[in-house]
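Below is one structure, written out as structure tokens, with a few remarks after it.
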Amino acid sequence: MLASELNTFLTNLTKTAETEVDTPLEEVIAEGESGDLEFKSSFLWSYQGGCVDKRLEEVILKSIAAFSNSDGGTLLVGVKDDGEILGLEQDYNSLKGNKDEFELHLRNLVNKSFGVGFAATGISVTFPAVAGKEICKIEIKRAITPQYLTITDKNNSKVEKFFVRSGNSSVELALKEITPYVQARFN
């Protein structure tokens, strides 16, 4: 009995428990975009045009749909593709508000696009400060049902699209690819 206890003690002595360590957001950003991390400069403000561009909202929603239809992931708004921290000041000014107004606007769009249930349980929204600037961190869970997104096409018509993650980008699946993907991923 003593030998058995000693063997158990020695076996447990060499085992290491896996612990999850949070990597600082600055380090995560420095590693760049990946299959489960994407950066967007803005939610509403076009840095190229120097004005509000409502089409950017669809870009954010497209990323949310793609992450949820894949394995989930994190979307950082206020960060350029190259990792430069822009912050949310321009978006706040565009909404004539602050992070509360930003989150309310974002959640209203998610409610409208994917439903209140998904908005309540499928995403988590926080506003961490990085390099002295506030950004928006949207953590998107893997969805249990397919998430389609109605967007405006080039002809200004509303069309329903299905997006997934492919490497470090969000891509639209062709109509013929949707059914097999949904059957494999959601069944």
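Each 5 Å bin from 0 upward holds the following percent of the Cα-Cα pairs of region 38-86: 5, 22, 27, 24, 15, 5, 1. Under the convention that each Lys and Arg Cβ holds +1 and each Asp and Glu Cβ holds -1, the size of the dipole of the chain around its Cα centre is about 860 debye. Only helices enter the 222 nm calculation for the chain: every DSSP H run of n ≥ 4 contributes -39,500 (n - 2.57), and dividing by all residues gives -12500 deg cm²/dmol, rounded to 500.
For the chain, the longest principal axis of the C-alpha atoms and the axis of helix 175-186 are separated by about 30°. Per residue, the chain exposes an accessible area of 61 Å² to a 1.4 Å probe, with every protein chain left in place. When the Cα atoms of region 132-187 are aligned to their principal axes, the ranges along those axes come out at 46, 34, 20 Å in descending order. Which entries of 80/112; 141/176; 133/161; 40/112; 80/158; 40/158 have Cα-Cα distances beyond 30 Å here? Listed pairs above 30 Å: 133/161. Taken along the Cα-to-beta-carbon direction at a fixed 7 Å, the label points for residue 175 and residue 27 span 4.8 nm.
For region 90-186, the Kirkwood hydrodynamic radius comes to 15.6 Å, computed from all pairs of different C-alpha atoms. Using the Stokes-Einstein relation with a Kirkwood hydrodynamic radius computed over Cα pairs, the translational diffusion coefficient of the chain at 4 °C and a viscosity of 1.567 mPa s comes to 71 µm²/s.
Can you give me the % of accessible surface on the chain that is carbon or sulfur? Probe 1.4 Å, all protein chains present, nothing else counted.
Carbon and sulfur atoms account for 51 percent of the accessible area of the chain.
The values are calculated or read from the model by the stated rules, or taken from the named source; none is laboratory data. Quick caveat, the model's predicted, so the values are computed rather than measured. Neighbour counts run over all protein chains shown; Cβ positions are idealised from the backbone, glycine included. Ligands, DNA and RNA are stripped out before the accessible areas are found, and what is left, the full protein with its side chains, is counted by its heavy atoms. Shrake-Rupley method; radii C 1.70, N 1.55, O 1.52, S 1.80 Å.
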